[in-house]
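Notes to accompany the following structure.
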Amino acid sequence: MGEPQYLQHPDLALAQTVFALASPSTDDASRQQALATIQEDIRIHQMAPLYAYLAHPLTGKLNASGDSGASLSPTTSRAGVHAQAPAAPSAMHQLRRTSSINTPSIVGVLGGKTDNSAALSWDEALHEKLKAENDEELNTIQKEETDALEKAGETEVQSAQGKRAGFFARIGDKDKALEEYEKLFEKTGILGSKIDIVLAIIRLGLFFDDKMLVKKNIERAQQLVESGGDWDRRNRLKAYQGLHLLTIRSYNLAAPLLLDSLSTFTSTELCSYSSLVVYATLAGSVSLSRRDFKLKVVDAPEVRAVFGSETDTDLLASLGGSNSAGAKTDSSAMAVDSAATKSAAVNLTTLASGSASAEAQSKAEPKIDFQPLATMIQSLYSGNYSSFFSSLAAVEGNFLSKDRYLYEHKSWFVREMRLRAYAQLLQSYKIVGLESMANSFGVTVDWLDKDLAPFIASQRLPCTIDRVRGVIETQRADDKNKQYNEVVRQGDQLITKLQKYGQVVRLRGSERS
């Protein structure tokens, strides 16, 4: 089916940079660096529509007056989406887990809580200059398309039309890019090209955080792939789907897709390989059973290749396959002792996405320390709960708060991981001293009591707290009582159905008489 097409635009790394500029979790130095990067990209790529979308005095998303405004034009954008299959109720329920679903915006995950201390200033002269450059480039593309219609074949015409769609995607004009991609989709007969176009639309939805657009086109891409898509595009779609499920808090569905993508990942236009490892690790940590967590996350060679490498050179070698085949299976190989080992700081954004040397990449991009994440998964599995709590707090600050795909669900993730640790400890005991458990987690008794109470009240932890005796008593599930209650419940349902059936039969009998 040929090499994948339309991979260059939009640049999802730029969307992450916009998030870093607006996020209240970003430090001042990183915010200034993000501002400079955005300004440079807008000038280099002549992004007049994106500049207006972000910085316009009245409707700009990075201005306080534009925070609550509508997106670029969601009505028009969604009108161009052809959903081939009706959405299942469960999928819509998943979409409601995110507050940004009804207000698609590049900074919608922040919920209006943006930091304007380093604002992207509006320059009318610059905007007019960028518009003029856009018009000039668009005229060139139109001339190329006209010449292709007159002198060349269908392939050259579609190539010119593809340049037009890519042009609008590059400058950040969501509506026109969608329109051109849809026109190109209708005129393309090659299945591989059709899949590439839909994947480009998905990335456009991810760029502007339009979850409905992403969801509908993922369903669309699945139908195309199932009708005869090649191996490479199937694997690409798996990573796209896993990332989308991550953004709507379906971590249990995202984990197997992301973990399966680790060994066959080629979608570097979506995110870097190191980023994929982080997403897969977080999704697996909160959703997998203990056995699968050990096998697919703690002992996974792809995970240890990223988290356990002490230099960028080692990491790039492992991503090339030298570590994956012969990785050790002892989980202690990834154990992290902050006092005894070096900080495994590697590039989160560009590793495994290019051919540059590790040293060049190291100098070009900021470093990310994976040590808290490696410590979190290892301490959770080994039962070192005090270390787990401290590393979980570091993961929230270093990863969840700084990634646009993870930010919206960071509180939920931290809460679920605490619940997982509590359940893991309590399942081994009938009675646990409250003070002993508090010491294990490195917290006070009062804090632990308040934190456990909501989980117990919602029946997510089968235990009770006795403050008088100072103990937590677990309640073992009784299979016989469970079976008895299930029989009673099903019997009640059957009796209700029979009563309704009897009423219907009597009514029909009276009608005949």
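The values are calculated or read from the model by the stated rules, or taken from the named source; none is laboratory data. On a predicted model such as this, the values are computed, not experimentally measured, just so you know. As a convention, Cβ positions derive from the backbone with ideal geometry for all residues, glycine included, and neighbour counts pool all protein chains shown. Quick note on the areas: whole protein, heavy atoms, side chains included, nothing else; ligands and nucleic acids left out. Shrake-Rupley method; radii C 1.70, N 1.55, O 1.52, S 1.80 Å.
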Per-residue accessible area, 1.4 Å probe, largest first, puts SER250, SER263 in the order SER263, SER250
Take ARG404, ARG249, ARG476, ARG290 and sort them by solvent-accessible surface of the protein heavy atoms, 1.4 Å probe, largest at the top. ARG476, ARG290, ARG249, ARG404
Each label sits 7 Å from Cα toward the beta-carbon; between SER386 and LYS143 the label points are separated, in nm, by 7.3
Compute, for GLU435, the solvent-accessible surface of its heavy atoms (probe 1.4 Å) with the complete set of protein chains present, and express it in square angstrom to the nearest 10. 120
Taking the full set of protein chains and a 1.4 angstrom probe, give the accessible area of ARG420 in square angstrom, rounded to the nearest 10. 50
Highest-first arrangement of 209-220, 273-284, where packing means the average Cβ count within 10 Å: 273-284, 209-220
Taking the full set of protein chains and a 1.4 angstrom probe, give the accessible area of HIS127 in square angstrom, rounded to the nearest 10. 30
What whole-number distance in Å separates the alpha-carbon centres of region 36-51 and region 383-435? 39
Stretch GLN490-ALA152 to full length: gain in nm at 0.36 nm per residue minus the Cα-Cα span? 114.7 nm
Describe numerically, in nm with one decimal, the distance between label points set 7 Å from Cα along Cα→Cβ at LEU295 and at TRP412. 2.7
Which order do TRP122, TRP231, TRP447 take by accessible area at a 1.4 Å probe, largest first? TRP231, TRP447, TRP122
LYS61: which lysines have alpha carbons under 27 Å from its alpha carbon, excluding same-chain residues fewer than 8 sequence positions away? LYS113, LYS129, LYS131, LYS174, LYS176, LYS211, LYS215, LYS216, LYS402, LYS410
